[in-house]
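Structure first, then comments.
The values are calculated or read from the model by the stated rules, or taken from the named source; none is laboratory data. This one's a predicted model, so the numbers in the text were calculated from it and none came from an experiment. Neighbour counts run over all protein chains shown; Cβ positions are idealised from the backbone, glycine included. Remember, those area values only see protein heavy atoms, side chains included, never the ligands or the DNA or RNA. Shrake-Rupley method; radii C 1.70, N 1.55, O 1.52, S 1.80 Å.
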Amino acid sequence: MKYDLHVHTTASDGVLSPTEVIQKAYRAGLSGLAITDHDTVSGLQEAQEFLRKESLDFTFIPGIEMNTEWDENEIHILGYFLDPLYGPLLDRLVEIRQMRYQRAQKMVQNLQAMNYQIGMEQVKKMAEGEMIGRPHIARALIENGYFRSIDEAFLKLLGRGKPAFVPRYKFLPAEAIQLIKEAGGVSVLAHPGLIRDPGKIAEVIQLGIEGIEVYYPQHSSEQTDYFLTIARRENLLITGGSDFHGPGGEENRNHLGMASIDAINLRRLYKYYDVKKKE
Ligand code: AMP
Ligand code: ZN
Ligand code: FE
Ligand code: FE
């Protein structure tokens, strides 16, 4: 039994719709997944309706991934089982997406100043959902023939410290954790192995995060072992997922189910959530 708890759809910067992602996972023999789009919950309803209609034997966990920044570190916080109708969460997500839009505008201006032929209209077209992110800018650059892959565009222009980069709006991990908690969800530190300053991991744990994404395609086996040790020592939930953004070669190297958790860790997550709900 394999459960992929980190999947993106067209609601954020993924390529497949919520329905398509579930169909693909089901056909590939996964037992379940969580949709964790960046800073939006707008893909969850379609997924839930599709599963109800088809009555598939498939576990679906509603989720989110909130992209935060802390002392020049990208820190992504996953939230599972949150109430997608919780007003204060939705209000904050609207603000965050507005700030995302402004950030994208500034990056497009930077690119134009460097003579890249690109406009906000094209970037908006790349985004099928309500959220705009750097991958949409990268896809516009690819469409215009500047790069062959998203990674290449990040490496040359869009990544931290690169010429078109604009720092994220103010949104700290502490606030993301708090919002997820208020919305009745469980917070998990995403891909700790990608954090620039590993010292930040202990600081995020101090903030009261409830789980850690141990299994992740870009974690080495040493990192995986290390995060498992931390999870056990700090009594954190163990999660894992592929960070799937869509099929394809160079552009999307993380395929569906490439990292996952087994039924034991899934049961722990459910049990934790059930106990918490009753409190
Ligand atoms: P943003 O939230 O707009 O800052 O965009 C960051 C997102 O871009 C990440 O969450 C990843 O999903 C995606 N991404 C894709 N390729 C890369 C890359 N090479 N480096 C960093 N982020 C990437
Ligand atoms: Zn993404
Ligand atoms: Fe992430
Ligand atoms: Fe992700």
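Laid out as a table, the results:
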{"quantity": "Test: residue in the stretch 132-143 that is out of contact with any Cys (no Cβ under 7 Å at 6 or more places or on another chain) and open to solvent by 50 Å² or more (accessible area, probe 1.4 Å)", "calculated": "yes"}
{"quantity": "Selection count where residues are of a type in the set (Gly, Ala, Ser), in contact with a Leu (Cβ under 8 Å, 6 or more places away or on another chain) and open to solvent by less than 10 Å² (accessible area, probe 1.4 Å), scope the stretch 12-28", "calculated": "1"}
{"quantity": "Answer residue from the stretch 115-143, given it is in a loop (DSSP other than H, G, I, E, B) and in contact with a helix residue (DSSP H, G or I) (Cβ under 8 Å, 6 or more places away or on another chain) and is nearest to residue 36 (Cα to Cα) among those", "calculated": "131"}
{"quantity": "Failed condition for residue 130, given (1) farther than 20 Å from residue 9 by Cβ; (2) modelled with pLDDT under 95", "calculated": "(1)"}
{"quantity": "Residue list for the stretch 93-114, filter: among the aliphatic types (A, V, I, L, M), touching a helix residue (DSSP H, G or I) at 6+ places or on another chain (Cβ under 9 Å) and open to solvent by 40 Å² or more (accessible area, probe 1.4 Å)", "calculated": "114"}
{"quantity": "Qualifying positions in the stretch 168-192 - over 16 Å from residue 5 (Cβ atoms) and either part of a helix (DSSP H, G or I) or away from ligand 1 (no atom under 16 Å from the Cβ) (or both)", "calculated": "173, 174, 175, 176, 177, 178, 179, 181, 182, 183, 184"}
{"quantity": "Residue list for the stretch 38-64, filter: charged (D, E, K, R) and more than 20 Å from residue 2 (Cα to Cα)", "calculated": "39, 46, 49, 52, 53, 54"}
{"quantity": "Only listed residue being under 21 Å from residue 266 (Cα atoms), over 18 Å from the mean Cα position of the chain (by Cα) and not in a helix (DSSP H, G or I), chosen from 30, 51, 85", "calculated": "30"}
{"quantity": "Test: residue in the stretch 46-57 that is surrounded by 13 or more Cβ atoms within 10 Å (Cβ to Cβ), within 16 Å of ligand 3 (Cβ to nearest atom), in contact (Cβ under 8 Å) with a residue 12 or more places away in the chain and small (Gly, Ala, Ser)", "calculated": "no"}
